[in-house]
Amino acid sequence: YLHPNQFTPDISVVRKYGINPDSPYFIMRFAKLNAHHDKGVSGINTEIAQKLIDILSPIGNVYITSERELEPQFEKYRLQINPLDIHHVMAFATLYLGDSQSMAVEAAMLGIPSLRFNDFVGPKRIGVLVELEEKYKLTYGISSKEPEVLYDKVKEILALPNIREEWQKKKKKMLADKIDVTAF
């Protein structure tokens, strides 16, 4: 594993997929949520995905990466890339939204605003996400029972001036508080 200070996003990787890193774009991730620990957990369903796309698409391109089968109306948003390139693509995104815990952490570590929408928020919280959310304000967890809160948070973040610069400052603060465990 690389420490986030050792990862240099490559803009040419983003461009090779036809994505313009100079224009706003959004990454959405749909997890299968079918692992043993996912029993009874909900995330982004069809209706919520469509509402998010309706909010985001007037501002920039929407790209979906999905473990689960996509509904036909979402296929045009599917991100067809080598999985090894996802961090390069995510590093230039305006916002990450998903029901995947892992990718929410990864986006936050890259200094990209991340919103996770699932039933792991609240009493089933994961320590790293608690710290990234509460101490560094890099990610936000929203219960799947509160879709309106999700839509409002998306709009709130997108209304901020200098989103990228603000999250990069938050990322630098977080990294300054940590050691490079690989080097250690």
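The values are calculated or read from the model by the stated rules, or taken from the named source; none is laboratory data. Quantities reported herein were computed from a predicted structural model and do not represent experimental measurements. Every residue, glycine among them, receives a Cβ derived from its backbone with ideal geometry; neighbour counts consider all protein chains shown. Note: accessible area is taken over every heavy atom of the protein model, side chains too, but ligands, DNA and RNA are not part of it. Shrake-Rupley method; radii C 1.70, N 1.55, O 1.52, S 1.80 Å.
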Problem - Net dipole in debye of the chain [+1 Lys, Arg Cβ; -1 Asp, Glu Cβ; about Cα centre; nearest 20] - result: 300
Fill in the blank from the handout: Here the relative contact order (percent) of the chain, from C-alpha pairs under 8 Å and at least 6 apart, is 23
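Calculate, for the chain, the solvent-accessible area per residue in square angstrom, rolling a 1.4 angstrom probe over the heavy atoms of the protein chains. Walk me through the numbers on the way to the answer.
On the way: 9750 Å² over 184 residues.
Here the residues of the chain average 53 Å² of exposed surface.
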Problem - Option label - P(r) over Cα pairs in 10 Å bins from 0, in percent computed here, alternatives (1) 9, 39, 38, 13, 1; (2) 9, 34, 36, 19, 2; (3) 10, 37, 33, 16, 4, 1, 0 - result: (1)
Problem - Mean ellipticity per residue at 222 nm, deg cm²/dmol - from DSSP H runs of n ≥ 4 across the chain, formula -39500 (n - 2.57) - result: -9500 deg cm²/dmol
Exercise for the section: Using +1 at the Cβ of each Lys and Arg and -1 at the Cβ of each Asp and Glu in the chain, identify which of 168, 56, 118 lies farthest towards the dipole's positive end. Expected result: 168
Exercise for the section: Kindly identify the range 106-184 as rounded, prolate or oblate by the Cα gyration tensor criterion: order the square roots of the eigenvalues as a ≥ b ≥ c, call it rounded if a/c is under 1.5, otherwise compare a/b with b/c, prolate if a/b is larger, else oblate. Expected result: oblate
Exercise for the section: Under 26 Å Cα to Cα from residue 170, which lysines show up? Leave out anything in the same chain fewer than 8 places away. Expected result: 124, 135, 137, 153, 155, 178
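Order 84, 160, 56, most accessible first, counting only protein heavy atoms with a 1.4 angstrom probe. Walk me through the intermediate numbers first.
Working: 84 145, 160 75, 56 0 Å².
Correct descending sequence by accessible area is 84, 160, 56.
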